[in-house]
Each structure stands twice: as structure tokens, then as C-alpha cells.
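Here is the structure we will look at.
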Amino acid sequence: MQLKDKTAIVTGSASGIGKEIAIVFAREGAKVAIADLDKKAADATAKEIDPTGKRAVGVAMDVANEEQVDAGTAMVIKTFGTLDVLVSNAGIQIVAPVVDFEFAKWKRLLAIHLDGAFLTTRAALRQMYKQKSGSIIYMGSVHSKEASKLKAPYVAAKHALLGLARVVAKEGAEYGVRANVICPGFVRTPLVDKQIPEQAKALGITEQQVIDNVMLKDTVDHQFTTVEDVAETALFLAGFNSNALTGQSIIVSHGWFME
Ligand SMILES: NC(=O)c1ccc[n+]([C@@H]2O[C@H](COP(=O)([O-])OP(=O)(O)OC[C@H]3O[C@@H](n4cnc5c(N)ncnc54)[C@H](O)[C@@H]3O)[C@@H](O)[C@H]2O)c1
């Protein structure tokens, strides 16, 4: 077991990629907090992982809300005693061309992806610095490296996470805290399923064309990345034992983007 007796907060883990990360971390012996806006779904995921409630708990948390992040993190530390891993994963997608993008939607997306990453990091570091160890994993995207039409705030936020991770890697090193970014290609989660018809409408093409010509066009094998692929990468980063692997980004995208 790679995470025996470790503790983790995974944000946005009531669904999709985050949920699979929480499942894999628990399989590897970690105690996991399912921190999500949707408390009912978070509780259901926690129950699915551990019906006794000892190794998995649901936490109501809007990652863009300072009080909720600080209170939720404090509650998890009180419950589990330590905090070894933070996966800053919660996110949304809103698609529209820049020329039509509503300012309120731009701000909401940036608040969840960027304010959320900052607030959860700050809350986690306060504990990790005391422990002198920790691993912070940001859920970036191929859109941390590459751009697509219709996704201005998402691409901007995902690029920014690389910068945040590098600063945290530099500041955290003396406390044994590492920070890295996972950059997945398209994964069939509710977030992606919602945008297929939206992109088809905005681009004037069919949904199948969105999959073939937009989402999978540049992969080496025309395959979606899976939640399992991303969760195994998160496990690797969470369990890595030294500062040798910090300030990095790992692209998991069937070769869509190579560097
Ligand atoms: N699906 C993909 O193709 C893909 C690719 C690259 C990166 N990502 C990133 O992976 C992360 C997870 O995406 P997913 O595809 O699993 O999406 P998802 O919609 O399946 O899950 C997102 C979860 O985040 C939660 N959430 C939303 N806003 C929140 C907030 N303010 N506070 C707390 N929780 C909140 C939702 O309730 C949901 O449970 C996101 O950061 C996304 O940008 C996804």
C-alpha cells in the first residue's frame, strides 16, 4: 500500500476524476476527505469508499469561499490528525468565444480554478509546514500547455496553475512540501459530456465531429484518457518520497500534447 496511514483532501471528488482519485488513494491505505460543493454527493462517495465513515468523510466546501475552505480543512485535520496530500481538483467548464464571454462567468470560472487552488493550498500548507512534509497536486489540463477556441478563462486558469505550483515548490521545499501538476487530455466525465453539445452548437458541427475533430484529433490513438489513468498518476505523485520531483507537470493525454 503506497499511502498507508496517509491523509488526503481531494476537492471536487464527489464526481469524475476527483472521485476516482479518492477511490485509488483509499485503496492504497489513505484516509480521504471528499471535499465538494455538492455535500450530498460527497457523502455518497465517502460512504461508497468506506461505509463505516472512519477512512472517508464528505466535506461541504466551495473552494472559492475562504471561510468554507479554512473551516473544512481544519475539520479534516481534526478528524484525521494530519494532512499529507492535497489534490486541488475542483473545476468547471464554460465555453463561449472571448467576444461574447460574460464577465460574471469569467470571474466565476477563475474563482473556482484559481482562488480555489490558492485557498486550499494556503490552508493545507499551514498544516504541512508544521508536519514538515506534504504533497500538493493541482489538476491542470493539456489546456495548461495548449489553447482551444471557446475556452479563454479555462485555458488562462490552467496555465496559471503551472506558475502557482512552481512557487509552492520553491517555498515548500524547506518544509518537505512538493507541488506538481497533472495535465490530462479529454476524459469522459460530466464536465466533458456537458460541453460536447455546447461546442457542437458553438462551432456549427455535429457532436461526433466535436469528439473526432476537436477532442481526439491530435491523440496518437484516438482514445479518451480515463479517470483511472489520471488517478494512477495522482497516486504516483502523492507517494513520491523526495523533493526530486517537484514543480513539474505530467501530461496524460494519449500523446495529444508532447513536450
Ligand atoms: N474531464 C476532462 O476532460 C478534464 C481534462 C483535463 C482536466 N480536467 C480537470 O479535472 C478536474 C475535475 O473535472 P471532472 O472532469 O472530473 O469534472 P466533474 O464535473 O465530473 O467533477 C467536478 C467536481 O467539482 C465539484 N465542484 C464544482 N465547483 C466546485 C466548487 N466551487 N467547490 C468545490 N467543488 C466544486 C463538482 O460538484 C464536481 O463534483 C477539473 O479541474 C477539470 O478542469 C478535466
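Readers should treat all values here as calculations from the given coordinates under stated rules, not as data from a laboratory. Computed from a predicted model, the values in this text were never measured in an experiment. Every residue, glycine among them, receives a Cβ derived from its backbone with ideal geometry; neighbour counts consider all protein chains shown.
Which whole-Hz couplings ³J(HN,Hα) result when phi for each residue of segment 204-210 is put into the Karplus expression 6.51 cos²θ - 1.76 cosθ + 1.60, θ = phi - 60°, listed in order with x for Gly and Pro?
x, 10, 7, 5, 5, 5, 4
Kyte-Doolittle cut-off -0.5, length cut-off 24 Å along the helix's own axis using Cα: show which whole DSSP H helices in the chain pass.
Correct list, ordered by number: 152-172.
Please compute the length gained on full extension between residue 74 and residue 194, using 0.36 nm multiplied by the number of residues separating them and subtracting their Cα-Cα distance.
Contour length minus Cα-Cα distance gives 39.9 nm.
Positive end of the charge dipole of segment 55-135 (Lys, Arg +1 and Asp, Glu -1 on Cβ, about the Cα centre): tell me which of 109, 72, 61 has its Cα farthest that way.
72
With a 10 Å Cβ neighbour count serving as the proxy for reagent exposure, in which order, fewest first, do 25, 236 appear?
By the 10 Å Cβ count, ascending: 236, 25.
Spin-label point model (7 Å from Cα, Cβ direction): what's the residue 171 to residue 148 distance in nm?
Result for the modelled spin labels: 3.1 nm.
Sticking with the crude label model, points 7 Å out along Cα→Cβ, report the distance from residue 82 to residue 39 in nm, one decimal please.
2.9
Against the empirical 2.2 N^0.38 Å scaling, what ratio does the C-alpha Rg of segment 1-132 come to?
1.07
Compute the FRET efficiency between residue 1 and residue 222 as 1/(1 + (r/R0)^6), taking r as their Cβ-Cβ distance and R0 = 41 Å, and round to the nearest 0.05.
0.70
Under 8 Å for C-alpha pairs, at least 6 residues apart: give me the relative contact order for segment 1-92, rounded to a whole percent.
It rounds to 33 percent for segment 1-92.
Given only helices, namely DSSP H runs of n ≥ 4 each adding -39500 (n - 2.57), what is the per-residue ellipticity at 222 nm of the chain, to the nearest 500 deg cm²/dmol?
Only helices count here, giving -13500 deg cm²/dmol.
Among 113, 254, 159, what is the fewest-to-most ranking by other Cβ atoms within 10 Å?
Neighbour counts put them in this order, fewest first: 159, 254, 113.
Sorted from fewest to most neighbouring beta carbons within 10 Å, what does the list 139, 75 look like?
With the fewest neighbours first, 139, 75 line up as 75, 139.
Highest GNM mean-square fluctuation, the chain, Cα pairs closer than 10 Å: which of 87, 167, 32?
167
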